[in-house]
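Report on the following structure.
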Amino acid sequence: MLSSYYYQKFLRLLGVLIKDIYDDNGTTIIEIQMERKPHSCPCCNHVTNAVHDYRLQPIKDLPAFGNNTILLLRKRRYVCKDCGKRFYETLDFLPRYYRHTKRLAFYILQQLSSTHSFKSVSASVNLSITTVIRIFDNLSYAPQSLPKVLGIDEFKGNTGHEKYQCIITDPENRTIIDILPNRYKTDLTSYFLKFDTSKTTLFISDIWGTYRDLAKELFGSATYVIDKYHYARQVL
Ligand SMILES: [Zn+2]
C-alpha cells in the first residue's frame, strides 16, 4: 500500500489520493479523490467538513507511458450545516468547467507554439484535432486575483483569428493564470484593470513594448524584469 505522499509525487498533483488504476481499452483510468478537508461555505463562510455526495467526473490528463490517461475524479460535494448550501470542493489543478487538467492544456499550448500544427499536437496527446482546437479556443481560467510574481508571454496561435495569444503565468508557483486571445494593449489594459494590480511585486515579460507600457502604467508597485529566456512560459 503506497502512502499518499507517493501518490502525490507520482501524479504531481497535491492533495490527490489514488483510489484505483485500471486499463480500459488502452486508456489508463486513474481513479482519484481529493483529501477531505474543511471548506468554508461560499454563502455564509461557516466552516464545514460534512460530505453531501460524490459525483464521478472524467478529466483528461497528459498521456502516461504511451497510453491515454483519464483521471476519474470522485468529486465531493460538501454541505453547510449552517445554511444548507451544497458546494463542490475546490480543485487547483482543474480550470473551472473544463474537463482536462491545466497541465494538459498547457502542454498543448507549448506544443502549438513550437510546432504550429494542430495535427501533430493532437497526435502527440492522443486527442482529436477538434478537441485540441477547442482547448485552444475556449481556455478560460477565470482567475480571482493576480499573483505576486506575474509572467506574461505570447505564443503564436493557429486559430485563424489572432496571430498572437497571451499567456499569463505565476512562475513562482508554476501555474497558468490565464490565456488571453490577443496581445493588444487596449484589451490587456481592460483585462488587468479588473484586478488589484498593487499586490504584484514582480512583472516579467519579453521586450515587447506593450508589456513594458503595461508594467509602467498598471503595475506601479512591481519591479519590471525583461525575460530573455521566456522564463514566464516555463511554468510546468
Ligand atoms: Zn453556509
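Quick notes on this one:
- Loop-resident chymotrypsin sites (Phe, Trp or Tyr not before Pro) (DSSP state other than H, G, I, E or B) in the stretch 46-85 with no more than 16 further Cβ atoms inside 10 Å of their Cβ: Phe65.
- With an a/c value of 1.5 or above and a/b larger than b/c for the gyration tensor axes a ≥ b ≥ c computed over the alpha-carbon atoms, the stretch 4-88 is described as prolate.
- Extending 7 Å from Cα along the Cβ direction at Asp82 and again at Lys199 yields two label points whose distance is 2.1 nm.
- Relative protection proxy for 145-155, 189-199, from highest mean packing down: 145-155, 189-199 (other beta-carbon atoms within 10 angstrom).
Readers should treat all values here as calculations from the given coordinates under stated rules, not as data from a laboratory. Keep in mind that this is a model prediction, so the values were computed, not measured. Glycine gets a Cβ as well: all are built from the backbone with ideal geometry, and neighbour counts include every protein chain shown.
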